[in-house]
Structures are given as structure tokens and as C-alpha cells.
1. Straight-line reach from B:Lys430: which lysines have a Cα under 30 Å away, not including same-chain ones fewer than 8 places off?
2. Per residue in the stretch A:1-39, which ones lose no less than 50 Å² of accessible surface when going from chain alone to all protein chains (1.4 Å probe)?
3. Per DSSP H run of at least 4 residues, take -39500 (n - 2.57); add these up for the protein assembly as shown, divide by its residues and hand me the 222 nm value, nearest 500 deg cm²/dmol.
4. At 1.4 Å probe size, with every protein chain present, just tell me what the per residue accessible area of the stretch A:23-166 comes to in Å².
5. Consider a paramagnetic label point 7 Å from the Cα of B:Glu158 along Cα→Cβ; state which residues of the stretch B:345-384 have an amide N under 11 Å from it.
6. Across the residues of B:95-107, average count of Cβ atoms on other protein chains within 10 Å?
7. So what's the gap between the Cα centers of the stretch A:273-294 and the stretch A:33-68, to the nearest angstrom?
8. How large a share of the accessible area of the stretch A:153-210, in percent, is made up of carbon and sulfur atoms when the probe is 1.4 Å and the other protein chains stay in place?
Amino acid sequence: MALHRGRGFAAINYPIGMNLGGDPSQALVHSNPDGKFTVALSAIDLGQGMKSVTRQIAAETLGVPIADVYVDTADSDTGPHDMGSFASRGTHRMGNAVIMAAKEARSVMLEAAAEELEVDASDLVTDGKGNIHVRGAPSRTITTMAAAQAAQFKQGRTIAGRGIFLIPLSDVNPETGEMSPVTTFAHAALLVEVEVDDETGEVAVTDMQSAYEVGRALNPGLVEQQLRGGAWMGMSHAAWETTEPYYPDRDHGAVDFNHYLMPGPGDLAPHHISVLERPAADGPFGGKGPGEMCANPVLPAVVNAVYDAVGVRIDELPVTPEKVLRGIKAKGGARPRQAIQSASSAKQENF
Amino acid sequence: MNARTGGFEFRKELFADERDDDLNEIGKRIRRQDIEGHVTGRSPFYDDHLFDGLLHMRCVRSPHHHARIGRIDTAEAERMPGVVRILTGKDVPQNLNTLLSLLDFGLDDEPVLSVDKAAYKGEPVAAVIAQTEAQARAAVKAVRVDWQPLPHVLDPEEALKPGAPTVCETYPGNAFVYHGKYDHQKLRYGDVEAALRQADHIVEGRYQMSPIEQAPIETCGAISAPEQNGRWVCYTGTQALFFSLGTASKVLNLPSSRMHFIGGTVGGGFGGKVDSIHEPLSILGAMLTGRPCKSQWDREEEMQVGAPRGAERWYITDGVMNDGRIVARKFTGYFDGGAYTRLTSYAVIKGVGHLPGPYTIPNVYADAYCVYTNRTPATAMRGFGITGVDFAIEAHMDKVAETVGMNPIELRILNAYRDGDMKAHRREAKNCAFIECCQVVAEKAGVTISPEARAASSKTGGGGERARLPAFTATDEHGRVEGFESGSYARKGGAPAAPGIPAELTPDRPSPPTLPTARPVETPPTPAPAPTTPDQEKPAARTPQRRSGAVRFSSISGFRRR
């Protein structure tokens with residue numbers, strides 16, 4: 001009886017957004033007389049950080065500090081239309097709508113500032129700290145607050161902007177499947193290490209090394225949480241979860257978290273993440289959506305690693321101890337392959 | 001770097017010439033806008049909006065995979081303590097819908113509360129509204145349904161065979177109809193059969209992706225209440241506010257202007273909160289009782305009645321040359337949609353647009369089916385339409401590598417798509433970074449790959465010959481379906497569903513709000529208590545409206561708070 005180590009590799013690309021029926025998102029941005037901005041959306045923050053990433057995008061585009069922007073979302077009386085938070089579309093679609101709205105609001109803010117400073121608006125720049133000044137002449141300056149007050153009480157301007165981002169409907173050819181499914185793709189590659197117990201059939205994921213290409217990490221903290229959580233979900237899909245363990249039979253369906261299995265903290269593998277950024281031409285600051293693709297390479301990488309460890313191919317998820325043991329039995333014992341060893345791990349002693 | 005969690009690094013040297021890295025707010029680890037509320041337990045989620053006099057809704061569900069519904073006898077249940085009203089299908093104004101009808105895709109196929117038959121275990125046929133959740137649960141058990149079980153089918157390939165029981169009468173062949181023409185979505189690029197004949201190796205595989213529960217900590221639900229002025233407010237955990245609003249508007253036959261949806265702070269979704277089940281049900285409950293009403297799944301319902309990521313079964317056949325080049329790839333895919341369409345019809349389209357994965361293969365073929373079986377309908381989940389086939393493709397790539405005796409990372413880089421390549425859905429690839437991801441992982445994990453694989457780049461080596469469409473593409477008409485109107489994939493085929501006849505909606509007891517479908521609102525709209533509005537001519541002192549009854553229809557958390 002022994003533990004067998006194996007390594008498995010998988011790599012994927014992932015389409016951002018959907019194309020069904022067109023894929024629009026809208027955003028409204030306006031300032032109060034203090035130069036504080038509200039972004040009104042109907043996007044949903046499921047924990048992924050929708051409010052936070054759109055706030056950063058708005059602040060960056062407006063040229064004001066993050067503290068001067070607040071995102072108010074998902075009240076159908078005040079927020080404009082959005083398709084929803086799914087299909088990895090939030091950052092990409094809504095981000096673009098926010099940029100468009102914030103640009104319009106910014107241009108009015110600069111016009112208001114220009115009138116106060118008696119210069120041309122095209123000569124003005126923002127410092128991102130709440131000031132607007134003449135390019136190359138930082139002493140000729142006005143605060144965004146003073147510009148907003150002048151706009152509201154003196155000039156009669158609305159510092160506001162409307163934004164929409166629409167991917168038009170792409171038809172699909174019934175005969176060939178020709179279509180424009182999406183505009184951009186994110187990418188990932190991942191190598192997992194597993195330990196397979198040939199007595200119990202249990203599989204433990206012991207290490208994950210990954211590279212994720214996300215266009216641009218608009219907020220590295222939010223990206224990291226997606227990639228860690230998503231990869232955890234991927235290993236959970238691979239070796240733990242299902243609503244119907246004997247699919248297509250419906251028996252033994254889980255009804256609570258005692259029976260719906262997921263890896264707990266003690267099952268987590270260290271995950272070494274590298275982030276690559278190749279900006280998408282149509283993404284907000286090049287950003288794509290990391291939210292969904294992070295799980296996908298883990299599933300096949302785990303089954304490939306199990307094969308590498310004991311020579312058993314599991315083509316039906318999840319990889320349960322029962323399937324592993326039956327596979328080992330059918331082979332007359334574990335048949336380790338160890339096809340993609342690294343120089344260091346090849347030297348490790350067998351258990 | 002944390003030894004337990006693992007490291008997190010940027011590889012800024014890659015694609016550096018395509019980026020400027022001098023932005024103010026973008027690229028920074030800025031704290032979440034809502035984090036303080038979350039970590040102190042004060043962020044209001046939909047279920048935090050507690051109302052005085054809140055009613056609770058629980059559904060009576062089918063215990064059978066497939067059964068005709070005889071009589072539904074609610075007499076005993078209605079006499080039970082706390083029971084306010086019991087809804088059945090006849091109470092729903094437009095009791096047939098398909099979620100994607102908002103995008104004009106597919107035919108109405110699913111009742112809100114089933115009337116004639118139940119097509120999966122757990123399908124709702126009645127909804128008890130009671131003063132407490134426990135009273136609603138007790139009354140659910142007392143509803144007598146005369147079930148007549150029917151033969152059922154659970155396996156998608158069995159469901160497609162002649163003579164299989166029809167799961168959903170809208171699609172008698174147990175498959176969604178694409179373009180009004182075929183029982184599957186086709187992908188045809190080049191001539192796969194000819195290429196397979198010339199390949200050095202044929203590699204075949206069958207892969208089964210399991211059904212998965214989205215498992216949000218916050219279960220799906222909504223709380224609705226009469227707002228003022230003939231409107232209904234709905235606090236919801238939806239992932240798609242306007243999807244849910246549009247669905248409620250359709251099935252309740254109520255203009256969207258008379259509903260006020262509030263959400264946006266949601267306790268996890270992962271795709272399971274798009275289906276818009278609870279919003280129309282809870283609003284209907286509020287309309288028919290005149291009181292605030294909550295519809296919410298418990299954990300068991302979330303796991304077995306709430307739509308999961310559907311199972312997928314994929315068959316892959318590759319034609320491979322001795323040097324590892326894949327020259328042909330053929331797919332047959334079965335998406336198990338369960339009893340009704342929900343979003344599976346689109347998962348198929350999205351999956352087909354993704355094939356053959358991140359590889360440039362000159363001949364690709366796919367038939368992908370959205371199949372109906374007698375199980376809980378499937379819906380979206382993280383990786384929708386992609387996760388299952390990516391599992392199949394990447395497990396298959398390992399078999400290909402073994403067949404030709406190649407390092408699996410090198411095999412992927414050899415076949416990788418690059419900028420300028422033509423993809424099987426007939427669009428040019430751009431902005432690729434697949435090769436670089438493979439190289440970074442190989443380097444980190446200490447896997448030795450060939451100098452050619454190390455030197456490869458997404459930016460070079462693509463296009464040219466690889467940008468050309470195939471000279472010949474083999475097409476066919478198998479899977480033709482008659483009786484549906486052909487057209488764009490995004491148009492409904494066949495006859496439109498019968499126009500919704502609004503049911504008579506009558507509250508059981510006297511209630512303050514106006515009737516939903518009856519006359520226009522009598523009283524002029526009263527502005528909500530608002531800060532001083534300078535543009536108002538005369539902000540005359542308003543006499544507070546008298547409330548009829550003791551019930552105060554506002555959330556303890558306040559209407560506007562979210």
C-alpha cells in the first residue's frame with residue numbers, strides 16, 4: 001500500500017461575455033457640487049468586487065481620487081439597464097460603459113474648470129488627487145470641488161455622463177456554426193501535483209502552479225481572490241462535488257453541506273500564481289474577466305495527474321475514491337507513469 | 001510569499017510593449033468599497049429586509065420524476081393555522097415562460113406552477129402562503145395531489161432515442177430546436193472525415209462532466225411588498241436585475257414601471273441566481289395577499305430543486321500526425337438540460353463557439369445537443385458552456401500526447417492558436433497568450449520543454465496559410481426537424497405562444513394597495529420623503545396619508561437601503 005505522486009497539466013482559453021441578443025450595459029455618472037461622484041449601475045456585486053472595480057475605473061477615467069467616487073448599484077428606479085453579472089462580462093462590459101460615462105462627465109468638469117481658469121479645456125489635466133491644472137503650469141490650478149461648485153451655482157452645467165457598451169447580436173450559421181461568439185479571450189495554464197492512496201483511492205491535491213493571462217489586473221487583490229477561489233472550485237469540481245453522484249441516476253443527491261462534499265481548509269493546496277497581462281483592445285484599460293476561467297484548467301489537470309500517479313484514467317467526474325480504486329483494481333495495481341517530472345521532484349523517493 | 005497559500009506574482013516582462021503601467025487607480029490593490037459592511041455583518045442582503053407582517057411562501061413539489069397531475073386538493077391545508085392563501089397555476093397570469101424569451105430565443109416551455117404534469121422531481125405545483133415558515137411547511141404536507149406517474153427518462157442519449165418519453169411537450173423530440181431546423185447546433189469547418197482517414201493516429205474519448213451545485217452561502221430568494229402608488233418593491237438576490245424584472249413583468253403581466261427591484265449585494269451567485277424564480281412568485285404573493293411576502297429556498301431546495309450546472313457528455317475523435325500535429329477533431333456533445341430549457345440552449349451555442357479549444361486545427365466538426373430529461377432543469381454556472389468541454393478537451397490532449405509520445409506541454413504549444421490564425425467559428429484569432437501561459441508554467445514547475453517550444457510566441461508564426469478558410473467544408477442536413485419555423489438562432493421558431501390572458505387577481509382579504517391589473521391608481525403619486533428639492537414650486541406641507549390597518553409596509557432596513 002502506498003501513496004503515489006503524479007503531475008498533471010492543462011491549459012485553456014476563455015471567452016469574455018456573451019453574444020446572445022446583443023450584450024449591453026449602461027452606466028450613469030454624475031457629480032454633486034462638492035465634486036464627489038456617484039456612479040449609478042444595475043450590476044450585481046456577488047462578492048467578486050463589481051462595485052470596487054467600477055469605482056476604480058471611474059476614478060481613473062475622471063481623474064479624481066478613489067475616495068471621491070461611490071458606486072450605487074442595482075436599484076431599478078435609479079440604475080440604468082444591464083444584462084447582469086455573469087459570463088465574465090462585468091468588468092469588461094460594465095467597465096467600458098463606466099469609462100464612456102466618466103469621460104463625458106470629465107469633459108464637462110474640465111469645461112467648467114476652463115471657464116474659471118480662463119483657458120482652453122484641452123489644455124487642462126487632472127492630477128488624480130482632486131486638482132485640475134494647466135498642462136505644464138501646475139500653479140494655474142483649481143480643485144475639482146471648486147470646478148463642480150462653479151458648474152452648479154455659477155455656470156449652469158451638469159457634470160454628468162452617460163455610457164453604454166454594446167456587443168451587437170451575432171447570428172449563428174445553422175450549417176457551419178459561423179459566429180462571433182465573443183470579442184476577447186483570457187488564458188490559463190496550470191500544473192497540479194496529487195497524491196493518490198492506492199489503498200483508499202483518495203486523491204489529495206498537494207500543489208498548484210499556474211499562469212493566468214487576464215488582459216490587465218485592474219485590482220490585483222480582486223484578481224488574486226478570484227484566481228485562488230476559482231482554482232479551489234476547480235479542484236472541488238474535479239474530486240469532490242456533484243449533486244448527483246451516480247448520474248444519470250438521481251439517487252443519493254446531496255441535501256446539505258454534510259453530504260455535498262467540498263475541500264475544506266485542510267485540503268487546500270498551495271497555489272503559486274503568475275499573472276500575465278496582454279491588454280485586450282476593447283477591454284477597459286485592457287482588462288478581461290478572470291472570474292470564470294480560473295476553475296477550468298484544474299479539472300482536467302487533476303485527472304491527468306491521477307493518471308500520471310497510478311495509471312488510471314478517470315473520464316467521468318468527480319474523481320471519487322470508488323472510481324480510483326476500481327480503476328487500480330482493473331489494472332491489477334497502481335501503474336505510476338510520472339511523465340512530466342521536474343528535475344527536482346524526480347529525485348524524490350517513492351513512499 | 002506564503003508557504004501555505006502559495007505565491008502571487010506578475011510577469012510584467014511579457015507583453016510589456018503592449019501596456020502602459022503608469023495609471024493612478026488602475027492596477028492597485030484598493031480596498032473594496034463594501035468591505036467594512038461585509039466584515040462587520042452590516043451589509044444588507046435581500047433577506048435582511050424584514051417586514052412587519054411578512055408572509056412566507058413554500059412550494060408543494062412533485063415526488064415523481066414524471067407524473068400527470070390529477071386534482072390538487074388544498075381544502076385541508078387552507079384550514080390550517082396561519083395559512084393565508086394557496087396558489088396554483090391558475091393564479092399565475094402568464095403561466096408559461098422561457099427565460100431567454102427576453103432575448104427572443106426559444107419557445108415558452110416552463111410553467112411557474114405546473115398544471116398538467118410535472119416533469120422532474122421537485123417541480124412546484126402549488127405555493128402555500130402562511131404567516132410563519134413553519135406553518136407554510138406544515139400546510140405544504142397537507143396539500144393532496146392526485147399524481148399519476150408516467151414513464152421517465154434520465155439519460156440524455158436515451159432521451160434522444162425513438163420511443164423515449166416526451167419530457168417537455170414544447171420540444172417533442174426531447175431536443176431544443178436550433179434555427180427552427182436542426183435538433184442540434186452544428187459546427188462544420190473543413191472536412192473532418194477526409195482528414196481522419198489521412199491521420200497517422202486516431203485518438204478517441206468519452207467524457208462525462210458531472211452536475212454541480214452553485215452552492216452560494218445565501219440561498220436564492222426574494223422578498224416583495226406593496227410599495228405605494230400601485231407599485232411593488234422586490235428585494236432580491238438576483239444576479240441579473242433586469243432579467244428578473246423582465247421575467248416578473250412577463251409572467252405577472254405587469255408593466256415594469258410598477259415594480260421596483262433592489263439588489264446588488266449578493267451572497268454568492270456562481271450562475272445560480274439568474275433563473276428569476278422567486279421574484280415573480282413573491283410579487284404574486286404580495287399582490288394576492290396585499291402583504292409582504294418572501295419566497296426563498298432552504299438548503300435542500302437550493303441543492304436539488306435549484307438548477308445546477310447541467311451534466312455534459314462529450315465524445316471526441318482526433319486525427320493526429322506522428323509529429324503531434326492535430327489535423328482533425330470531431331465532437332459530439334450532449335448538454336443535459338433537465339426538464340426545461342432555462343439557459344442550456346445558449347450553453348450549447350457558447351460551447352460550440354469555443355471549439356476546438358485554444359488550438360489551430362484545420363478540420364473541426366461538432367454536433368451539440370440541448371437535451372431534455374426528467375431531472376431538475378439546468379442553468380448557468382461559472383464557466384457556463386465551457387467548463388465541461390474544456391475538461392474533455394484537456395483530458396483528451398493528455399491521451400494524444402501519450403499516443404504520439406510527446407511531452408504534454410510541448411504538444412499544446414505545437415498546436416496552440418496564435419495571432420492571425422483562423423478559428424473554427426470563422427473569425428481571426430487576436431490577442432492570444434496561450435503559449436506564454438504554457439511556457440511560464442513549464443518554467444515554474446521545472447518541466448523541460450524543447451527549445452522550439454520555449455521560443456514559440458503567440459505573436460509570431462500565426463496567420464498566413466493558417467489564416468485561410470478551408471477550401472472545402474463538408475456540410476450535411478442530418479438532424480432535420482420539421483414543424484418549426486426557420487430563421488435566425490435568436491428568433492422564435494414556430495407559432496408564438498398564446499398571448500397571456502391575465503388571470504383575475506383578487507386579494508383574499510381587504511388590503512391597502514390597488515389591484516394589480518385593475519384600474520389606474522386613484523390617488524396622485526405622493527413623492528417619497530426626500531431632501532429639499534429646489535425645483536419644486538411649492539413644497540406644500542403634506543398631510544400624512546392614513547394607513548389602513550396596522551401593517552407598515554416598509555423594510556426595517558428602510559426602502560432605499562441596500
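The values are calculated or read from the model by the stated rules, or taken from the named source; none is laboratory data. Source: prediction; values computed, not measured. Counting neighbours? That spans all protein chains shown, and the Cβs are built from the backbone with ideal geometry, glycine included. Ligands, DNA and RNA are stripped out before the accessible areas are found, and what is left, the full protein with its side chains, is counted by its heavy atoms. Shrake-Rupley method; radii C 1.70, N 1.55, O 1.52, S 1.80 Å.
1. Qualifying lysines at Cα under 30 Å: A:Lys51, A:Lys103, A:Lys288, B:Lys12, B:Lys28, B:Lys186, B:Lys330, B:Lys350, B:Lys399, B:Lys444, B:Lys459.
2. Hits at the 50 Å² cut-off: A:Phe9, A:Ala11, A:Asn13, A:Leu20.
3. Result for the protein assembly as shown, helices only: -6500 deg cm²/dmol.
4. Ligands and nucleic acids excluded, the figure is 36 Å² per residue.
5. Hits in the stretch B:345-384 for B:Glu158 at 11 Å: B:374.
6. On the way: counts 0, 0, 0, 0, 0, 2, 0, 2, 7, 3, 2, 0, 0.
For this peptide, the per-residue mean of nearby foreign Cβ atoms is 1.
7. Going from one Cα centre to the other spans 19 Å.
8. Roughly 52 percent, rounded to a whole number.
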